[in-house]
Ligand code: ADP
């Protein structure tokens, strides 16, 4: 069985084409800067060197057409005909209240995704455009939608709700949805496999630390609490997002500074986080260099990031009533030993002991980074959202048979 996995961002379209017998990636690529003047496609076949081509891509429909063209190309295509694609799996950022498990695409599911667009305007609108392009171009091939919010639908209601008038939940669905669910689910399952334990016997905290960062408490295999909320701005300090702040700051900026709501939204999403504090960069490699050279604001930004993450360990440990494993993933979680080390520093009293040597070695690969005697395991696991989507797509189709 061959499955094409599509991950549509607001201005990008990533894809991976899997052979599901071996779970090997045959082709992976990214259509970047869609609708901008310098749009391009970067792809690699069988893990070989990347090929980059500049192509004018006006919208997500055209991006998808280009992917099919590459897959079926006469010279270096990997399939001779589109019918060799058995199914398409889509990552959809927001499933709202109704879409809480992978779904085979039907008219009804499409309508329900349409209803979620106000909750994630950029991402879900782009995803819908791609779903429709797939339907048009590959009308006979089943499509499965996998939702980033779905994993968090198991969070107890008392933790999902905001203490604002109940009608805002009833009328507008305002509640905590949580994000990065596909990643949190993948790495928590993988952690249980690495420990050779049943996930139902474990309490896990997963840190997905990338441009956007979130943290999830996974109790016996299901999401029990997560740091992001109604939108992905909440929770940890991030690259450019502010994380949790006092909401009254918004009124202050509006009233005292005369800023529009759009301007404030832009500041809190794009000009805040470690970029806003350091005034230098949202990239943790740049920040580390500047901090090591004595730049105090770069150091402060890193300290704030790690402090905000550390607080979740205490909080999530308490609500789960214990902890067995901490997982680090995402660009920062997988590649920045100094951040992992800082987040779990001085937690020996809880039974968390980092093996600093192994921690330094763990760059972009699966590895235990706690000491053998550590009561709570710390592990680095590169995320693989596409593989989880491909597996869920296969599973959904099997159920249908
Ligand atoms: P996204 O959330 O967009 O998927 P990623 O998970 O790829 O992002 O994470 C990107 C971030 O990872 C970058 O901003 C960068 O700060 C961080 N990062 C990547 N490699 C390293 C590294 N070697 N050291 C520190 N940070 C890194």
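Only residues that are under 16 Å from residue 24 (Cα atoms) and surrounded by 13 or more Cβ atoms within 10 Å (Cβ to Cβ) were counted across the range 41-58, and they come to 3.
Apart from one condition, residue 234 fits all of (1) within 16 Å of the ligand (Cβ to nearest atom); (2) in contact with a helix residue (DSSP H, G or I) (Cβ under 9 Å, 6 or more places away or on another chain); the exception is (2). Looking at the structure I just gave you, is residue 243 under 21 Å from the mean Cα position of the chain (by Cα), closer than 21 Å to residue 179 by Cα and either within 13 Å of the ligand (Cβ to nearest atom) or surrounded by fewer than 15 Cβ atoms within 10 Å (Cβ to Cβ) (or both)? No, not satisfied.
If the condition is being surrounded by 17 or more Cβ atoms within 10 Å (Cβ to Cβ), over 21 Å from residue 399 (Cβ atoms) and under 23 Å from the mean Cα position of the chain (by Cα), then the range 79-116 contributes 93, 94, 96, 116. Within the range 323-334, residues that are on the phi > 0 side of the Ramachandran plot sit with their Cβ atoms under 9 Å from residues that are part of a strand (DSSP E or B), at 6+ positions apart or across chains, in these pairs: 330/207; 330/208; 330/209; 330/213; 330/214.
Of all positions in the range 11-24, at least one carries a residue that is within 21 Å of the chain's Cα centre (by Cα), surrounded by 19 or more Cβ atoms within 10 Å (Cβ to Cβ) and more than 19 Å from residue 126 (Cβ to Cβ). Look at (1) buried (at least 19 other Cβ atoms within 10 Å of the Cβ); (2) within 16 Å of the ligand (Cβ to nearest atom); (3) within 26 Å of residue 159 (Cα to Cα) and you find that residue 376 fails only one, number (2). Determine, yes or no, whether residue 336 is modelled with pLDDT of 95 or more, surrounded by 20 or more Cβ atoms within 10 Å (Cβ to Cβ) and more than 20 Å from the chain's Cα centre (by Cα). The answer is no for residue 336.
Residues in the range 361-370: is at least one assigned to a helix (DSSP H, G or I) and either within 15 Å of the ligand (Cβ to nearest atom) or free of Cβ contacts under 8 Å to residues at least 24 places away in the same chain (or both)?
Yes: the range 361-370 contains one or more residues that are assigned to a helix (DSSP H, G or I) and either within 15 Å of the ligand (Cβ to nearest atom) or free of Cβ contacts under 8 Å to residues at least 24 places away in the same chain (or both).
Against the list (1) in contact with a helix residue (DSSP H, G or I) (Cβ under 8 Å, 6 or more places away or on another chain); (2) within 19 Å of residue 215 (Cα to Cα); (3) not in a helix (DSSP H, G or I), the condition residue 322 fails is (1). Looking at the structure I just gave you, is residue 226 surrounded by 24 or more Cβ atoms within 10 Å (Cβ to Cβ), more than 15 Å from the ligand (Cβ to nearest atom) and within 20 Å of residue 378 (Cβ to Cβ)? Criteria met by residue 226.
Pull up the range 339-354, narrow it to residues that are assigned to a helix (DSSP H, G or I) and more than 8 Å from the ligand (Cβ to nearest atom), then point me to the one that is surrounded by the fewest Cβ atoms within 10 Å (Cβ to Cβ). Taking the candidates together, the pick is 349. Of all residues in the range 207-232, those that are free of Cβ contacts under 8 Å to residues at least 24 places away in the same chain and over 16 Å from residue 308 (Cα atoms) have Cβ atoms under 9 Å from Cβ atoms of residues that are away from the ligand (no atom under 14 Å from the Cβ) and assigned to a strand (DSSP E or B), 6 or more apart or on another chain, in 220/203.
In this structure, is residue 326 closer than 22 Å to residue 358 by Cβ, within 12 Å of the ligand (Cβ to nearest atom) and either modelled with pLDDT of 95 or more or surrounded by fewer than 15 Cβ atoms within 10 Å (Cβ to Cβ) (or both)? Judged against the criteria, residue 326 is not a match. Taken together, 209, 202 contain a single residue that is more than 24 Å from residue 393 (Cα to Cα) and away from the ligand (no atom under 13 Å from the Cβ), which is 202.
Could you please give the count of residues in the range 51-89 that are part of a loop (DSSP other than H, G, I, E, B) and in contact with a helix residue (DSSP H, G or I) (Cβ under 7 Å, 6 or more places away or on another chain)?
Selection size over the range 51-89: 7.
Restricting attention to the range 287-318, the residues that are over 20 Å from the mean Cα position of the chain (by Cα), within 13 Å of the ligand (Cβ to nearest atom) and surrounded by 15 or more Cβ atoms within 10 Å (Cβ to Cβ) total 7. I'd like the full set of residues that are closer than 19 Å to residue 332 by Cβ, free of Cβ contacts under 8 Å to residues at least 40 places away in the same chain and in a loop (DSSP other than H, G, I, E, B), limited to the range 245-298. Passing the criteria: 272, 280, 281, 295.
The values are calculated or read from the model by the stated rules, or taken from the named source; none is laboratory data. Given the structure is predicted, the values throughout are model-derived calculations rather than measurements. Cβ: placed from backbone, ideal geometry, glycine included. Neighbour counts: every protein chain shown.
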